Amino acid sequence: MEKQAQGDQVARAARRAVLVDGLPVVVLGWVALALGSDPEQSAAQQAWWIAATCVFALAMAWVLVRAFRRADEYLRKIQLESMAVAFASVLVALQVAAVLDSAGVVELHQVTQPILIGGMAIWHVTADLRTRFNR
Amino acid sequence: MRNRLRELRAARRWSQADLADRCGVSRQAINAIETERYDPSLPLAFTIADVFGRTIEEIFLPDRADPGQS
């Protein structure tokens with residue numbers, strides 16, 4: 001019983017570590033998004049936006065690599081399957097958005113970011129639910 | 001693939017967390033293997049066999065095998 005509680009603490013600590021890694025990266029993503037939201041930018045503003053986006057992409061890759069290295073083979077499999085589900089969802093959503101864009105219903109550039117953010121949400125929710133149900 | 005993980009673990013009075021510690025994996029992984037939702041890789045199967053001091057064939061059984069014959 002005590003050991004099980006210890007194991008749960010270890011799992012919670014691992015989740016906290018991912019949160020500690022991931023939270024600054026998510027904040028950086030929002031900063032990059034905010035910097036790029038102004039359609040009429042000066043060259044300096046564009047340079048800041050591109051720099052923030054590049055740092056965000058590199059930081060995201062770093063967090064993912066760290067998380068995958070920490071995980072065991074089972075958790076890695078769950079993460080990869082969740083990523084596959086999210087990737088497929090994003091592809092379908094982008095395809096639908098492209099069709100709606102050509103029909104003049106929505107503008108593709110306006111829905112791209114929400115679709116990507118939705119894809120990440122699907123990935124995390126799928127992975128979290130699968131690990132919760134397998135306890 | 002079926003396995004005797006729960007039976008062997010119970011015989012040693014180990015919790016899933018104990019076994020997970022000894023195998024160097026998460027408790028969720030042990031739980032998923034025990035409930036046959038996940039088949040371990042060959043290296044992990046060897047590690048589990050080493051932890052129990054058995055061979056892989058004594059712990060993991062193919063679905064087609066009759067348990068009475070193994």
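What follows is calculated from the coordinates using simple rules that are stated; it is not laboratory data. Just so it is clear, the structure is predicted and the values come from calculations on it, not from any experiment. Positions of Cβ are generated from backbone atoms using ideal geometry, with glycine treated the same way; all protein chains shown enter the neighbour counts.
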Low-density loop GluC sites (Glu not before Pro), region A:70-135, at most 16 other Cβ within 10 Å, DSSP non-H/G/I/E/B, are A:Glu107
With Cα coordinates, the longest principal axis of chain A makes an angle with the long axis of helix A:108-133, in degrees rounded to 10, of 10
Note on chain A: contact order normalised by length, alpha-carbon pairs under 8 Å, 6 or more apart, percent, works out to 21
Residues B:Asp18, A:Asp38, B:Asp63 in order from fewest to most other beta-carbon atoms within 10 Å are B:Asp63, A:Asp38, B:Asp18
Under the 7 Å Cα-to-Cβ spin-label approximation, A:Phe87 and A:Val65 lie apart by a distance in nanometres of 1.8
One finds, for B:Ser41 and A:Ile117 with R0 = 45 angstrom and r their Cβ-Cβ distance, a FRET efficiency to the nearest 0.05 of 0.85
Ranked from fewest to most other Cβ atoms within 10 Å of their own Cβ, B:Leu19, A:Leu19 fall in the order A:Leu19, B:Leu19
The rounded separation in angstrom of the Cα centers of region A:63-135 and region B:31-65 is 32
With +1 on the Cβ of every Lys and Arg and -1 on the Cβ of every Asp and Glu, the dipole magnitude of the protein assembly as shown about its Cα centre, in debye rounded to the nearest 20, is 840
About its Cα centre, chain B carries a charge dipole, from +1 on Lys and Arg Cβ atoms and -1 on Asp and Glu Cβ atoms, whose size in debye to the nearest 20 is 220
The exposure ranking of B:Ser41, B:Ser26, fewest beta-carbon neighbours within 10 Å first, is B:Ser41, B:Ser26
The answer for GluC sites (Glu not before Pro) in region B:1-56 that fall in a DSSP coil and have at most 15 neighbouring Cβ atoms within 10 Å is B:Glu36
The set of residues whose placed amide H lies less than 5 Å from the amide H of B:Arg2, leaving out same-chain residues fewer than 5 positions away, is B:Leu61, B:Asp63
Among A:Val65, A:Val105, A:Val20, the residue with the largest mean-square fluctuation in a Gaussian network model of chain A built from Cα contacts under 10 Å is A:Val105
Between B:Glu7 and A:Ile50, the two model label points (7 Å from Cα along the beta-carbon direction) sit apart by a distance in nm of 6.6
Rounded to the nearest 10 degrees, the helix A:2-35 long axis (Cα) sits at an angle to the longest Cα principal axis of chain A of 10
Heads up, region A:60-102 by the C-alpha gyration tensor (a ≥ b ≥ c square roots of eigenvalues; a/c under 1.5 rounded, else a/b over b/c prolate, else oblate) looks oblate
Place a point 7 Å from the Cα of A:Asp128 in the direction of its beta carbon; the residues of region A:36-74 whose amide N falls under 16 Å from it are none
